[in-house]
1. Consider Pro91 against the criteria (1) in contact (Cβ under 8 Å) with a residue 60 or more places away in the chain; (2) more than 20 Å from Gly146 (Cβ to Cβ); (3) outside any strand (DSSP E or B); (4) not basic (Lys, Arg): it satisfies all of them except one. Which criterion is unmet?
2. Would you say Phe73 is assigned to a helix (DSSP H, G or I) and out of contact with any Gly (no Cβ under 7 Å at 6 or more places or on another chain)?
3. Only one of (1) modelled with pLDDT under 90; (2) more than 18 Å from Gly97 (Cβ to Cβ) fails for Lys53. Which number is that?
4. Restricting the first residue to the range 45-65 and requiring it to be without any contact (Cβ under 8 Å) to a residue 40 or more places away in the chain and farther than 27 Å from Val14 by Cα, which pairs with a second residue that is loosely packed, with under 11 Cβ neighbours inside 10 Å and not acidic (Asp, Glu) meet a Cβ separation below 7 Å and a spacing of at least six or different chains?
5. Surrounded by fewer than 17 Cβ atoms within 10 Å (Cβ to Cβ) and farther than 19 Å from Val138 by Cα - does that describe any residue in the range 25-34?
6. Determine which member of the set Phe74, Phe81, Phe63 is of a type outside the set (Val, Ile, Thr), surrounded by fewer than 16 Cβ atoms within 10 Å (Cβ to Cβ) and within 16 Å of Arg139 (Cα to Cα).
7. Test Lys102 against the criterion of being more than 19 Å from Gly147 (Cβ to Cβ) and among the charged types (D, E, K, R), and give yes or no.
Amino acid sequence: MDKKEQPGKAQFIVDASDAILGRLASVAAKKALLGEEVMVVNCEKAIITGKKKDIIAKHMQRFELGQSTQGPFFPKRPDMFVRRVIRGMVPRKKARGRAAFKRVRCFIGVPEGLGSQKLERVAEAGVRKASTVKFITVRELCRLIGGK
């Protein structure tokens, strides 16, 4: 029996399209801490609310911290960026948090294996969609901070 294919494991698959990143991350972290496998698809379409200029300046300031060889290291790929946000919401230095973080998977787009399964829409997952005009998508932010 594969480690990934255990019977009885609950899966929580959520579509991050037009979802506010912080709210999405908190729901995903709670589900992971409860023992569910969490899969976030379309990570690049999640949004961060606020003025674009301020958000970009905040993230560029983070990259200037420390040294390039010793960290802190911040991801530039949208899927890893979202996973890093979720990491901030679990107690990752404790055994329970480390186990929960291992259950979190983030994807750019929808992988072929998950295409046939029902994706939890953002509204059903308890995450609010953005109703504001001022926002930036994770894809745009990652490109502006140096990602491909």
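The values are calculated or read from the model by the stated rules, or taken from the named source; none is laboratory data. Values in this document were obtained by computation on a predicted structure and should not be read as measured data. We place every Cβ from the backbone using ideal geometry, glycine too, and count neighbours over all the protein chains shown.
1. (1)
2. Values: assigned to a helix (DSSP H, G or I): no; out of contact with any Gly (no Cβ under 7 Å at 6 or more places or on another chain): yes.
So Phe73 does not fit the description; no.
3. With respect to (1) modelled with pLDDT under 90; (2) more than 18 Å from Gly97 (Cβ to Cβ), Lys53 is out only on (1).
4. Leu65/Pro72
5. Yes; the residues of the range 25-34 include at least one that is surrounded by fewer than 17 Cβ atoms within 10 Å (Cβ to Cβ) and farther than 19 Å from Val138 by Cα.
6. Details: Phe81 fails: surrounded by fewer than 16 Cβ atoms within 10 Å (Cβ to Cβ); Phe63 fails: within 16 Å of Arg139 (Cα to Cα).
The conditions single out Phe74.
7. Values: more than 19 Å from Gly147 (Cβ to Cβ): yes; among the charged types (D, E, K, R): yes.
When the stated conditions are applied, Lys102 passes them.
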